[in-house]
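Let me begin by presenting the structure, written as structure tokens, before commenting on it.
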Amino acid sequence: MEQETRALRLSAWMSLVMAALGIGFGLATESDAIMLDGFFSLIGFVMALVTIRVARLVVQPADEHFQFGYAQFEPFLNAIKGLLMLGVAGFALAGAVDTLIHGGRDINPGLATVYAAVALTGCLAVGAAQRRAAATLGSPLLAVDSRNWLIDGLLSGVVLLVFAAAMILGRTRWAVVVPYMDPALVILLVLGILFVPLRIVRDNMREILAFAPASAVQEDVRRRVGEALEDVPVASSHVRMMKIGRFLYVLNQIVVSPEFRPGRVGELDRVRERIAEALDGVEPAPVVDTLFTEDARWAE
């Protein structure tokens with residue numbers, strides 16, 4: 001928890017620094033591409049503050065208000081983050097098209113190049129650190145955050161290349177195209193990264209709507225449960241799953257055979273324990289409920 005919080009705080013403060021740089025350089029250079037980069041970072045800062053709170057919530061136990069816990073807050077926040085990115089990208093795209101139609105915009109490519117070089121270095125460094133932390137801690141929040149930083153790095157890298165080209169072209173007979181390069185760059189960036197927020201929204205909406213996890217995860221869980229029940233006299237086992245944030249909820253409904261005659265409730269608990277041990281190591285972390293019945297109707 002503390003490691004995740006530290007990583008999220010790093011992201012929040014770096015987002016604020018990058019937002020200030022982007023908006024400041026965007027105003028100085030009159031570049032919409034740099035302003036877009038700055039606003040992406042500003043969204044990252046605001047969302048990082050909320051993310052720190054959510055990261056603490058999802059590991060808290062259930063209470064009277066949220067009796068199944070807070071895990072659903074994680075995909076909900078990630079979906080909002082993706083929608084905000086789509087909104088900013090949409091406004092930037094509309095503005096860039098309007099600028100192109102009205103003859104482009106003069107910019108200061110020298111200052112823009114300086115900004116892009118600084119932003120590229122910072123974004124890639126933070127993105128790499130967040131990706132390592134996400135892999136180590138198994139945090140979906142940090143995984144989405146690392147993708148956001150890598151997107152920002154991609155934006156900054158393209159900005160660097162385009163404005164370096166603008167500096168060169170400005171000294172040639174092709175200088176006439178330079179005013180069109182900034183809005184064209186914005187359009188290129190928006191179209192190039194659009195699939196990322198769309199994918200974030202799609203994946204997290206699937207979790208909010210309680211979709212089943214990937215087929216490979218389902219097959220692995222069912223195989224492990226089957227192996228744990230090999231010497232238990234059962235008629236059938238119905239395993240249902242849904243992934244929400246960093247947890248995999250597994251409902252295992254066992255229809256027992258007539259030969260199954262436990263003498264004590266503790267014997268049922270031992271079967272539950274075997275199933276839980278069999279699922280140890282599954283990612284994301286499984287939360288398992290095992291129910292027993294003699295009537296198959298209750299497992300349908």
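Numbers below:
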| quantity | calculated |
| --- | --- |
| Among the candidates R246, R274, residue that is closer than 22 Å to V217 by Cα, charged (D, E, K, R) and under 24 Å from the mean Cα position of the chain (by Cα) | R246 |
| Given (1) of a type in the set (G, A, S); (2) farther than 15 Å from Q72 by Cα; (3) assigned to a loop (DSSP other than H, G, I, E, B), index of the condition A210 fails | (2) |
| Answer from D152, D182 - the residue that is among the charged types (D, E, K, R), assigned by TED's automatic domain parsing to the domain that holds A92 and in contact with a Phe, Trp or Tyr (Cβ under 8 Å, 6 or more places away or on another chain) | D152 |
| The stretch 244-255, subset at pLDDT 90 or above and buried (at least 17 other Cβ atoms within 10 Å of the Cβ), residue farthest from V288 (Cα to Cα) | V255 |
| Among the candidates D231, D295, D280, residue that is more than 30 Å from V54 (Cα to Cα) and without any contact (Cβ under 8 Å) to a residue 12 or more places away in the chain | D231 |
| Answer from R246, R223 - the residue that is outside the structural domain of A55 (by TED's automatic domain parsing) and either among the hydroxyl-bearing types (S, T, Y) or in contact (Cβ under 8 Å) with a residue 60 or more places away in the chain (or both) | R246 |
| Sole residue being at pLDDT 90 or above and either in contact with a His (Cβ under 7 Å, 6 or more places away or on another chain) or buried (at least 16 other Cβ atoms within 10 Å of the Cβ) (or both), chosen from A216, A228 | A228 |
| Residue within the stretch 166-178 that is out of contact with any Cys (no Cβ under 7 Å at 6 or more places or on another chain), free of Cβ contacts under 8 Å to residues at least 60 places away in the same chain, surrounded by 19 or more Cβ atoms within 10 Å (Cβ to Cβ) and assigned by TED's automatic domain parsing to the domain that holds F39 present | yes |
| Qualifying residues in the stretch 14-51 (those that are polar (S, T, N, Q) and more than 19 Å from the chain's Cα centre (by Cα)) - the one nearest to S156 (Cα to Cα) | S31 |
| Residue satisfying all of: in the stretch 168-180; modelled with pLDDT of 85 or more and under 14 Å from S31 (Cβ atoms); farthest from the chain's Cα centre (by Cα) among these | P179 |
| A71 being surrounded by 14 or more Cβ atoms within 10 Å (Cβ to Cβ) and in contact with a strand residue (DSSP E or B) (Cβ under 6 Å, 6 or more places away or on another chain) | yes |
| Residue in the stretch 123-142 that is at pLDDT below 85, in the same structural domain as Y180 (by TED's automatic domain parsing), in contact with a Phe, Trp or Tyr (Cβ under 8 Å, 6 or more places away or on another chain) and outside any helix (DSSP H, G or I) present | no |
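Yes or no, residue by residue, for (1) surrounded by 16 or more Cβ atoms within 10 Å (Cβ to Cβ); (2) more than 18 Å from G226 (Cβ to Cβ); (3) touching a His at 6+ places or on another chain (Cβ under 6 Å):
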{"residue": "F260", "(1), (2), (3)": "yes, no, no"}
{"residue": "G263", "(1), (2), (3)": "no, yes, no"}
{"residue": "D269", "(1), (2), (3)": "no, yes, no"}
{"residue": "R272", "(1), (2), (3)": "yes, no, no"}
{"residue": "D280", "(1), (2), (3)": "no, no, no"}
{"residue": "A296", "(1), (2), (3)": "no, no, no"}
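The values are calculated or read from the model by the stated rules, or taken from the named source; none is laboratory data. These figures come from a predicted structure and were not determined experimentally. Heads up, the Cβs are rebuilt from the backbone with ideal geometry, glycines too, and the neighbour counts pull from every protein chain shown.
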